[in-house]
Every structure is written in structure tokens, then in C-alpha cells.
1. On the given criteria, is Ala64 surrounded by 12 or more Cβ atoms within 10 Å (Cβ to Cβ) and either within 18 Å of the chain's Cα centre (by Cα) or in the same structural domain as Leu104 (by TED's automatic domain parsing) (or both)?
2. So which residues in region 20-57 are assigned by TED's automatic domain parsing to the domain that holds Lys7, surrounded by 10 or more Cβ atoms within 10 Å (Cβ to Cβ) and among the polar types (S, T, N, Q), if there are any at all?
3. Which members of region 78-108 meet the condition of being surrounded by 12 or more Cβ atoms within 10 Å (Cβ to Cβ) and within 20 Å of the chain's Cα centre (by Cα)?
Amino acid sequence: MERTCKKCGETKPIEEFSQHKTFRGTDYICFNCKHKARAKRRRRYEAKNRRSISRQASVYQKRAIKKLGNWYVVDLINQSTGLSRDIIWQNKELIKLYKANIKLKRLIKSKL
């Protein structure tokens with residue numbers, strides 16, 4: 001079974017259209033056109049709200065650094081040792097030990 005995309009006008013197999021959630025059947029726009037439209041909306045949003053996005057990102061990063069989020073610790077290990085992130089994520093014990101080491105250093109620094 002085939003369907004014609006309302007955006008690009010190409011006739012494609014029904015598998016290239018998403019199942020619509022609000023009504024039975026498939027969407028009128030193919031996956032490719034849907035992804036392109038979503039990317040365009042996202043770029044427009046990011047251009048319009050650049051300041052607030054960067055402010056939110058910096059707040060989130062600062063909070064993660066204070067809390068010692070796993071991704072932050074993995075990045076530190078990657079930068080200091082050169083190990084790949086995949087290897088680091090597989091070794092949970094390494095992340096745990098590195099996190100404890102950072103906490104100890106911060107505690108010592110705060111006491112001085």
C-alpha cells in the first residue's frame with residue numbers, strides 16, 4: 001500500500017508515514033518531511049531564544065558540577081586519561097572512585 005506525501009508530493013510506501021495518535025490511520029506527511037519541518041522549527045526557536053537557552057544550559061551545568069553528575073565525571077576522566085567514554089561508562093566503579101576523589105579534594109580545599 002502506498003500514500004502520497006502532502007508536503008513533498010512523492011508517493012511512498014505506507015511504512016514511511018508515522019501512525020497518527022489522534023485518529024486511525026497514518027500521518028499525511030512522510031518521516032523525511034516531518035523531520036525537516038521539526039529541525040526548521042527548532043532552528044527558528046533557538047535563534048529567537050538564544051539567550052535564555054544559554055542561561056538555562058549554564059545553570060544546569062553549574063548544578064551538575066556541584067552535584068557531580070555522572071556525565072560531568074565521565075568528561076573529566078576522559079579529559080585527564082584519554083579513555084573513551086564508552087569504556088568509562090562500562091566501568092561504573094571507576095566513575096564512583098573518581099567522584100569520591102573529587103569530593104575529597106573539594107572537602108580539603110574548603111577546610112584550608
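The values are calculated or read from the model by the stated rules, or taken from the named source; none is laboratory data. Remember, it's a predicted structure, so these values are computed and weren't measured experimentally. Glycine also receives a Cβ, built like all others from the backbone with ideal geometry; neighbour counts cover every protein chain displayed.
1. In short, yes.
2. Thr26, Asn32
3. Asn78, Arg85, Ile87, Ile88, Trp89
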